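K.L.:
Here's a structure for you.
The values are calculated or read from the model by the stated rules, or taken from the named source; none is laboratory data. Predicted model, so just to flag it, every value in this text is computed and none were measured. So basically every Cβ, Gly included, is an ideal-geometry build from the backbone, and we count neighbours across all protein chains shown. Protein only, heavy atoms only, side chains kept; ligands, DNA and RNA dropped before computing areas. Shrake-Rupley method; radii C 1.70, N 1.55, O 1.52, S 1.80 Å.
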Amino acid sequence: MPPRPAGRPSAVLTAAATAAVVTTAAALLAPADPAAAAGGQYSSAQLIRLAIANVPALHAGMFQGVYGTADSPVVDAPDDDGDFSDPDGVLNHVTLDGATVVRSSNTSGKAYGQTLNSGMTLYIRDNDPLLQVRPVSGSVATVDTYAECTPPPVGPYALAYARTAGNQIMVAGHTVGVGTTTLDVTGTDLHEPATLGDSTLTVDYRPHEVPSTGGQTPGVYQAEAWIDITVTGVLNDLTGNQVYSGPITTLRLGEVHASCLEKTSPTPSPSESKTPTPSPSESKTPTPSPSESVTPSPSPSESVPPSPSPSPTGGLPDTGSSAGGPVATIALVLLVGGVAAVGVARLGRRRRRH
């Protein structure tokens, strides 16, 4: 099978490289601020966050690191003017071409994070530059990021911006603008003229601002900003055969956060519920037993006169008189008197016969 001609890659490869831009940025440059998950008022700033992929064709080895950090998690504590100790070794791959600022502040009236970067150059290996943020003569800073929030009662308000001087991001000697740019490059552009031929780089350059209104935004408690630059490539050898396709580097400049949210207590898990669900034997409202009726029966001294029940024979209702009452006594006297009268009459008739 003849080798594929050198030059622009197929549409399939270009689409794959573009997809790799998104995947690489998401995987390597997730937001860096760990305090965001805990809530509460805080601010933070990072000057550079760098990831380099393992690309044998460019003699690049895998690397990840952060340089220039500031954190202010405590309200009204002193400002943090930045830690530039570089424990990750970012400066082995980056040179700073001017003044830099990394600062965070957190007071009862405002929290903010800020970075300024006058210029820098990224080297994949040795002294061969791949990406440059070129300083602008007379400019205070080429890269300027800022996030601020104002808590209640004055706020909430939030502000964020990520700015660069125009047309000052360069990749492999080519200027790139905001958005996605496809570059046709040579082996010489990539500092590998003896092994690489015509190839393609895809550069995604995007400022990130939340809120994105460009000014103070009412009703918003949090702000964040940064600039992402991600480079992927389809690299060919001198005969046009593809030797690499995928991510090359991802660079985040000036990641800043500010939050004026009130700190919230974690929601208890079902096993830690403050009001446990009662078991059937522990019902909140126990069902009363016959001897524990919810409405106790009145005592004899508090008895309500019962309603008269109908006579079993269907006669008149009971008058309420007892068996020894006046009515029963009169009836008994009449009955005895009648029996006596009958007895006297019969005795008189017997005597007349004799």
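K.L.:
Sort out for me the strands (runs of 3 or more DSSP E) sitting completely within segment 41-150 that have 1 or more residues that are of a type in the set (G, A, S) and without any contact (Cβ under 8 Å) to a residue 60 or more places away in the chain. Working first, answer last.
P.N.:
Working: elements: 41-52, 63-72, 94-96, 100-106, 111-117, 120-125, 128-133, 143-150.
Those strands (runs of 3 or more DSSP E) span 63-72.
K.L.:
Of all residues in segment 174-225, how many are in contact with an Asp or Glu (Cβ under 9 Å, 6 or more places away or on another chain), outside any loop (DSSP other than H, G, I, E, B), over 30 Å from P56 (Cβ atoms) and of a type outside the set (V, I, T)?
P.N.:
Looking only at that region, the number is 6.
K.L.:
The conditions are (1) under 22 Å from S212 (Cα atoms); (2) small (G, A, S); (3) at pLDDT below 90, and G138 fails exactly one of them. Which is it?
P.N.:
Checking G138 against (1) under 22 Å from S212 (Cα atoms); (2) small (G, A, S); (3) at pLDDT below 90, the one that fails is (1).
K.L.:
So the check is Cβ under 7 Å with 6+ separation or different chains; which pairs have a first residue in segment 210-229 that's at pLDDT 95 or above and a second one that's basic (K, R) and open to solvent by 70 Å² or more (accessible area, probe 1.4 Å)?
P.N.:
Between residues of segment 210-229 that are at pLDDT 95 or above and residues that are basic (K, R) and open to solvent by 70 Å² or more (accessible area, probe 1.4 Å), the close pairs are D228/R206.
K.L.:
Could you grab me the full set of residues in segment 151-173 that are open to solvent by less than 20 Å² (accessible area, probe 1.4 Å) and in a loop (DSSP other than H, G, I, E, B)? Steps first, please.
P.N.:
Just the residues of segment 151-173 that are open to solvent by less than 20 Å² (accessible area, probe 1.4 Å), to begin with: 151, 155, 158, 160, 162, 169, 171-172.
Residues satisfying the conditions are P151, G155, A172.
K.L.:
How many residues does segment 181-213 hold that are touching a Phe, Trp or Tyr at 6+ places or on another chain (Cβ under 8 Å) and among the β-branched types (V, I, T)?
P.N.:
1
K.L.:
Inspect segment 217-239 for any residue being under 38 Å from the mean Cα position of the chain (by Cα), open to solvent by 10 Å² or more (accessible area, probe 1.4 Å) and of a type in the set (V, I, T) and give the result as yes or no. Before the answer, list the steps.
P.N.:
First, pick out the residues of segment 217-239 that are under 38 Å from the mean Cα position of the chain (by Cα): 217-234.
In the following step, the residues that additionally are open to solvent by 10 Å² or more (accessible area, probe 1.4 Å) were identified as 217-222, 224, 226, 228.
Narrowing further to those that are of a type in the set (V, I, T): 217, 220.
Checking segment 217-239: at least one residue is under 38 Å from the mean Cα position of the chain (by Cα), open to solvent by 10 Å² or more (accessible area, probe 1.4 Å) and of a type in the set (V, I, T).
K.L.:
Give me the residue from segment 101-117 that is closer than 15 Å to G82 by Cβ and of a type in the set (S, T, N, Q) and, out of that set, surrounded by the fewest Cβ atoms within 10 Å (Cβ to Cβ). I'd like the intermediate steps shown before the answer.
P.N.:
So the first thing to find is which residues in segment 101-117 are closer than 15 Å to G82 by Cβ, and the list is 101-106, 112-117.
Checking the rest, the ones that are also of a type in the set (S, T, N, Q) come to 104-106, 114-115, 117.
Working: S104: 27, S105: 20, N106: 27, Q114: 22, T115: 30, N117: 26.
Taking the candidates together, the pick is S105.
K.L.:
Keeping to segment 26-59, report how many residues are modelled with pLDDT under 95 and open to solvent by less than 10 Å² (accessible area, probe 1.4 Å).
P.N.:
2
K.L.:
State whether the residues of segment 201-209 include one that is at pLDDT below 95, open to solvent by 10 Å² or more (accessible area, probe 1.4 Å) and touching a Ser or Thr at 6+ places or on another chain (Cβ under 6 Å).
P.N.:
Checked segment 201-209: no residue is at pLDDT below 95, open to solvent by 10 Å² or more (accessible area, probe 1.4 Å) and touching a Ser or Thr at 6+ places or on another chain (Cβ under 6 Å).
K.L.:
Any residue at all in segment 88-100 that is within 24 Å of the chain's Cα centre (by Cα), surrounded by fewer than 20 Cβ atoms within 10 Å (Cβ to Cβ), at pLDDT 95 or above and of a type outside the set (S, T, Y)?
P.N.:
So in segment 88-100, the residues within 24 Å of the chain's Cα centre (by Cα) come out as none.
No, segment 88-100 contains no residue that is within 24 Å of the chain's Cα centre (by Cα), surrounded by fewer than 20 Cβ atoms within 10 Å (Cβ to Cβ), at pLDDT 95 or above and of a type outside the set (S, T, Y).
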